[in-house]
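Working notes, structure below.
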Amino acid sequence: MSVLGELRSSVSAVKPGRTTMRNYDLLLGVAVSTLLLFGLIMVFSASIALADGPKYANLGRYYFVLRHAIYIAIGIFLFSLTVAVPMSFWEKYAFRIFLFASVLLVLVLVPFIGREVNGASRWLPIGPVNFQPSELMKVAMLLFAADYTVRKQKYMQNLARGFAPMAVALIMVAVLLLLEPDLGAFMVTVAITVGILFLGGINLGLFVAAIGALVVFFVLMIILAPWRLGRIMAYLEPFHESNVQSSAYQLVHSLIAIGRGEWFGVGLGSSIEKLHYLPEAHTDFIMAVVGEELGFVGILFVIVLFFIIVKKSFEIGRSAIAMDREFNGLVAQGVGIWFGVQAFINLGVCLGLLPTKGLTLPLVSYGGSSIVMNLIAIAMLMRVDYEVRQMMRGQHVSNENKRSY
């Protein structure tokens with residue numbers, strides 16, 4: 001029996017008879033809100049000294065925190081719009097959203113359209129801001145994979161009609177992301193897609209073969225790219241004299257920052273490593289600043305909040321599937337996979353458990369596109385939860401007939 005079938009038959013996922021309940025999950029809302037506020041404080045702390053250096057001398061001390069606050073405000077506005085949209089809308093337009101995101105990934109590679117920064121073409125300039133299509137692709141692939149899995153449920157054990165079409169779509173996205181290059185976004189997108197296919201009941205043999213192929217693919221990318229191989233070598237020996245001032249520089253200073261923090265940190269705002277020693281302290285390595293200023297307790301605090309979000313995502317998804325809302329359930333669980341995998345990679349890099357890879361911490365790190373798309377994904381999760389609660393009350397929630405194309 002597939003995972004979907006098992007969840008659908010589980011009556012424990014639903015609590016019949018409850019007529020008084022909130023329209024939202026309070027603990028989930030508190031966890032998300034706390035991470036947003038915590039991220040704003042830490043971005044302020046990590047970026048306030050950047051204006052003292054030559055690179056950001058003309059921007060001012062409050063440049064990054066103000067922009068981060070604006071991005072959060074935009075994200076909250078789009079959150080409020082998204083949470084009001086029925087999930088049947090996203091199911092209906094999932095494929096078109098995927099095509100739109102794919103077109104943007106192509107445009108970002110076109111000279112004079114996409115913007116190149118540090119050798120990577122990942123941004124589309126839109127007025128005063130830069131939009132990152134790879135962040136939109138995470139949402140698009142989340143919706144498309146869930147919709148595809150539901151529509152092709154009876155073919156999920158079949159290679160040609162079940163797995164192969166999704167594999168082709170994923171390869172197309174992979175090529176576009178790796179041409180930017182954006183290996184981090186590629187890894188998260190793959191995790192979302194493969195995770196949803198697994199939850200949707202894909203043939204176990206095909207799933208194992210897909211994982212094996214991905215492992216081989218990652219190994220080849222590392223071997224064939226000297227700079228990636230150099231990162232792996234630096235990861236294995238970060239304090240070697242040939243690495244400490246070159247490819248392992250970020251990792252070394254991240255470890256120094258976390259080591260200085262010990263259990264309770266040196267105090268909020270008192271980090272030394274953020275004073276132009278640790279690159280990208282307000283983005284990819286913000287957890288190193290958290291570790292230095294708030295110690296192990298601060299890092300554990302963030303981990304617990306992400307654990308709550310991931311746990312709630314799977315619980316909400318389980319309830320939706322048990323009430324025959326398979327698309328809703330897979331979207332909710334896909335959000336949990338997305339946030340869990342990306343947080344794990346970011347924390348793993350900062351702690352030296354994984355090779356260095358540029359990937360923001362959801363809801364916390366500075367980054368306009370990522371914050372906005374994170375909040376849209378959370379809005380979809382909360383919409384799924386809302387519709388489940390409405391059904392528990394016995395109220396009708398629209399759900400269009402399944403389509404096939």
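The values are calculated or read from the model by the stated rules, or taken from the named source; none is laboratory data. Remember, it's a predicted structure, so these values are computed and weren't measured experimentally. Every residue, glycine among them, receives a Cβ derived from its backbone with ideal geometry; neighbour counts consider all protein chains shown.
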Across the range 42-65, what is the number of residues that are in a helix (DSSP H, G or I) and loosely packed, with under 13 Cβ neighbours inside 10 Å?
-> 1
Within the range 249-296, of all residues that are surrounded by fewer than 21 Cβ atoms within 10 Å (Cβ to Cβ), among the small types (Gly, Ala, Ser) and part of a helix (DSSP H, G or I), the one farthest from the chain's Cα centre (by Cα) is 259
Output the residue which, of all residues in the range 251-292 that are among the charged types (D, E, K, R) and out of contact with any Gly (no Cβ under 9 Å at 6 or more places or on another chain), is nearest to residue 367 (Cα to Cα).
-> 274
Residue list for the range 91-139, restricted to those being among the hydroxyl-bearing types (Ser, Thr, Tyr) and crowded, with 18+ Cβ neighbours inside 10 Å = 102, 121, 134
Within the range 210-248, track down each residue that is within 27 Å of residue 293 (Cα to Cα), of a type in the set (Phe, Trp, Tyr) and assigned to a helix (DSSP H, G or I).
-> 235
Among the candidates 59, 35, 66, single out the residue that is in contact (Cβ under 8 Å) with a residue 24 or more places away in the chain and not aromatic (Phe, Trp, Tyr).
-> 35
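This table checks each residue for (1) of a type outside the set (Phe, Trp, Tyr); (2) in contact (Cβ under 8 Å) with a residue 60 or more places away in the chain; (3) within 20 Å of residue 74 (Cα to Cα).
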{"position": "111", "(1), (2), (3)": "yes, no, no"}
{"position": "124", "(1), (2), (3)": "yes, no, yes"}
{"position": "143", "(1), (2), (3)": "yes, yes, no"}
{"position": "146", "(1), (2), (3)": "yes, yes, no"}
{"position": "150", "(1), (2), (3)": "yes, yes, no"}
{"position": "156", "(1), (2), (3)": "yes, yes, no"}
{"position": "159", "(1), (2), (3)": "yes, no, no"}
Out of 188, 168, 175, 208, report the one residue that is β-branched (Val, Ile, Thr) and buried (at least 18 other Cβ atoms within 10 Å of the Cβ).
-> 188
Do we find that residue 55 is closer than 25 Å to residue 124 by Cα and of a type in the set (Lys, Arg) in this structure?
-> yes
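Rundown of residues vs (1) of a type outside the set (D, E, K, R); (2) over 20 Å from residue 343 (Cα atoms); (3) at pLDDT below 95, yes/no style:
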position: 234; (1), (2), (3): yes, yes, yes
position: 238; (1), (2), (3): yes, yes, yes
position: 241; (1), (2), (3): no, yes, yes
position: 251; (1), (2), (3): yes, no, yes
position: 267; (1), (2), (3): yes, yes, yes
position: 271; (1), (2), (3): yes, yes, yes
position: 275; (1), (2), (3): yes, yes, yes
position: 278; (1), (2), (3): yes, no, yes
position: 283; (1), (2), (3): yes, no, yes
Any pair with Cβ under 7 angstrom, 6 or more apart, that starts in the range 307-326 at a residue that is farther than 17 Å from residue 151 by Cα and ends at one that is among the polar types (S, T, N, Q) and in a helix (DSSP H, G or I) | 313/333; 314/333; 317/333
Residues (in contact (Cβ under 8 Å) with a residue 40 or more places away in the chain and within 16 Å of residue 138 (Cα to Cα)) located in the range 187-209 = 187, 188, 189, 191, 192, 193, 195, 196, 197
Residue check: is residue 41 in contact with a helix residue (DSSP H, G or I) (Cβ under 8 Å, 6 or more places away or on another chain), at pLDDT 85 or above and of a type in the set (Val, Ile, Thr)?
-> no
When the range 73-88 is examined, which residues are found to be of a type in the set (Phe, Trp, Tyr) and surrounded by 15 or more Cβ atoms within 10 Å (Cβ to Cβ)?
-> 79
